[in-house]
Structure formats: structure tokens, C-alpha cells
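Just passing along the structure, written as C-alpha cells.
A short reminder: the numbers here are calculations on the coordinates, not readings from a lab. Only a predicted model underlies this, so the values are computations on that prediction, with no experimental measurement involved. Don't worry about glycine lacking a Cβ; one is built from the backbone with ideal geometry, like all the others, and counts go over all protein chains shown.
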Number of protein chains: 2
Amino acid sequence: MDLSSFYKCLSDPTRLRIVNLLLKGPLCVCQIQEILQEAQVKTSKHLGYMKSRELLIVKRKANWNFYEFAPSLHPIALSSLQAIETYAVDDAVLTVDLNRLQDSLTNDCC
Amino acid sequence: MDLSSFYKCLSDPTRLRIVNLLLKGPLCVCQIQEILQEAQVKTSKHLGYMKSRELLIVKRKANWNFYEFAPSLHPIALSSLQAIETYAVDDAVLTVDLNRLQDSLTNDCC
DNA sequence: TTGGTATATTCCTATTGACGTATATAGATA
DNA sequence: TATCTATATACGTCAATAGGAATATACCAA
């Protein structure tokens with residue numbers, strides 16, 4: 001993956017929110033949708049966008065698709081992702097999402 | 001500046017090259033053009049793009065416009081920029097640009 | 001004041017991106 | 001097999017982006 005493609009993945013607010021969630025570990029699409037409270041098609045397309053640019057990979061388990069970061073990302077990408085993880089607490093939207101993620105993890109929809 | 005706008009600035013290869021150069025310090029447009037070996041209008045527009053999104057600022061000195069990073073960027077932005085600076089050596093294009101920058105600094109066009 | 005140099009802007013075109021509606025697909029289950 | 005659930009894709013629309021050609025602007029210098 002070239003670097004500008006990586007940054008394109010981060011250049012949309014919805015995708016940034018997804019990345020913020022996935023930094024905590026793999027998630028299935030329904031969890032992401034629920035946390036973002038966005039339309040199904042919107043979530044799915046942004047996930048597809050990041051998958052096609054090789055930032056994310058999918059693993060299917062039974063009925064559910066779990067997305068996670070691709071292995072061996074560029075060091076610059078890793079470093080940028082780490083920065084997002086570190087400073088997400090300063091961002092209202094990202095923090096709310098992380099709180100919703102906590103709640104979601106106690107669920108067992110998938 | 002919101003975060004996705006910052007990443008939009010990094011989401012184009014030409015802008016990444018410019019950012020890589022400016023990490024070494026302020027530069028005037030003619031130096032940037034010369035190093036990138038890109039058309040004047042292309043360079044100027046990308047600089048304008050990043051200025052309008054408040055990643056860069058301009059300081060005019062005599063006939064020349066010097067671009068540099070805006071003060072007090074978001075910590076995530078600073079961290080991402082630092083990652084680019086650290087790992088630029090691994091990128092062929094960015095490395096060549098930095099070498100050209102060295103040569104350019106010995107000039108005195110501006 | 002005339003011209004030159006550095007840089008930005010306008011106009012045009014082609015491409016990409018974002019989002020919604022509707023529909024398709026894949027796998028699980030009854 | 002029929003259907004349900006989870007998810008992706010196709011299609012249409014509108015906005016944003018990238019890049020080139022031509023032109024404008026701002027400042028300097030003669």
C-alpha cells in the first residue's frame with residue numbers, strides 16, 4: 001500500500017471513527033454499525049474502501065464479517081495509527097464511540 | 001483544523017512530497033518547484049490546498065513566498081508528521097527529494 | 001513607468017468520492 | 001428447499017479533487 005492511499009483512508013470522518021474502533025481489536029460489521037449509528041450501506045462502503053486499499057482485511061466467522069488491520073502495515077502507518085489511539089481521548093466523537101464499544105463488547109450478537 | 005482535513009492534505013503523493021521537504025524547514029515556492037520538478041501551477045495549487053486547510057502558512061520575503069507548517073498543529077498531526085520524517089529514508093522518491101533539497105540549499109535564488 | 005520575476009487564480013475537463021435507494025449474495029437455519 | 005440474517009454491490013446524483021492552459025497579480029528593478 002502506498003502512503004497516500006493510507007492517508008486517503010484516514011481522510012474521511014466516518015472512516016476515522018471506524019479506524020479508532022478497530023484499534024481496540026477486530027470487530028464485526030454489525031458492531032461497527034451499531035456504534036457509529038450510521039446506515040448499513042454507508043458503513044459497508046467505507047469498510048470496503050479501506051479493504052480495497054489494503055488497510056483492512058476481513059475474516060468471516062459463521063454469519064459475520066470481522067474486520068481488522070492488515071498485517072505488516074508500513075511503519076509510518078503504524079505510527080500514525082498509534083497517534084490516533086493515543087489522542088482519541090481528546091476527541092469527543094471518538095471517545096463516545098469507544099464508550100459505546102465497551103457496551104457493545106458485553107453483548108453477544110456475534 | 002479537523003483531523004480528516006489534515007489527512008486529506010497527506011492523501012496526495014505530490015503533497016506528501018511537499019510535506020516531506022517542509023519538515024526540514026521553510027521553503028520558498030521556487031525551491032519546492034525545482035525539487036519536485038513539477039509544473040508551477042501544480043505546485044502552487046497543492047500549496048494553496050494545504051494553506052486553506054491550515055496545515056501550512058506563508059510568509060512573504062521580498063519577491064518570494066516561504067511556506068512552513070502552521071504553529072500549534074494538533075498533536076496527532078505532529079506525531080504523523082514526525083513519523084513521515086523518521087521513515088522518509090525508506091521511500092525512494094522522498095529520499096531523492098531530500099537530496100535535491102540539500103543541493104538547493106547551497107543555491108541562493110531566494 | 002516599463003518590464004521582469006514569482007506566484008496565484010480562473011476556466012475547463014476528467015476522475016474520484018460520498019451517500020442514498022434498491023437489489024444481490026452468502027451462509028445459517030427451519 | 002425455503003427463508004432469514006448479515007453484508008456487499010449496482011446504479012444514480014452531486015460535490016470535491018487533480019491537472020493543464022491561459023491569465024492575473026504583486027512586488028522588484030531599471
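Which of the residues that make up the range B:53-75 are part of a loop (DSSP other than H, G, I, E, B), in contact with a helix residue (DSSP H, G or I) (Cβ under 7 Å, 6 or more places away or on another chain) and farther than 21 Å from residue B:17 by Cβ?
Within the range B:53-75, just B:74 meets the criteria.
In addition: Looking at the range B:65-86, which of its residues are without any contact (Cβ under 8 Å) to a residue 60 or more places away in the chain and facing another protein chain (nearest Cβ under 9 Å)?
The answer is B:75, B:78, B:79, B:82, B:83, B:86.
Residues that are away from DNA strand C (no atom under 11 Å from the Cβ), on the phi > 0 side of the Ramachandran plot and surrounded by fewer than 18 Cβ atoms within 10 Å (Cβ to Cβ): does the range B:6-21 have at least one?
Scanning the range B:6-21, I find no residue that is away from DNA strand C (no atom under 11 Å from the Cβ), on the phi > 0 side of the Ramachandran plot and surrounded by fewer than 18 Cβ atoms within 10 Å (Cβ to Cβ), so the answer is no.
Which ranges mark the helices (runs of 4 or more DSSP H) fully within the range B:1-47 that have 2 or more residues being closer than 13 Å to residue B:67 by Cβ and more than 9 Å from chain A (Cβ to nearest Cβ)? Don't jump to the end; show me each part of the working.
Values: elements: B:3-9, B:13-22, B:29-36.
Output list reads B:13-22, B:29-36.
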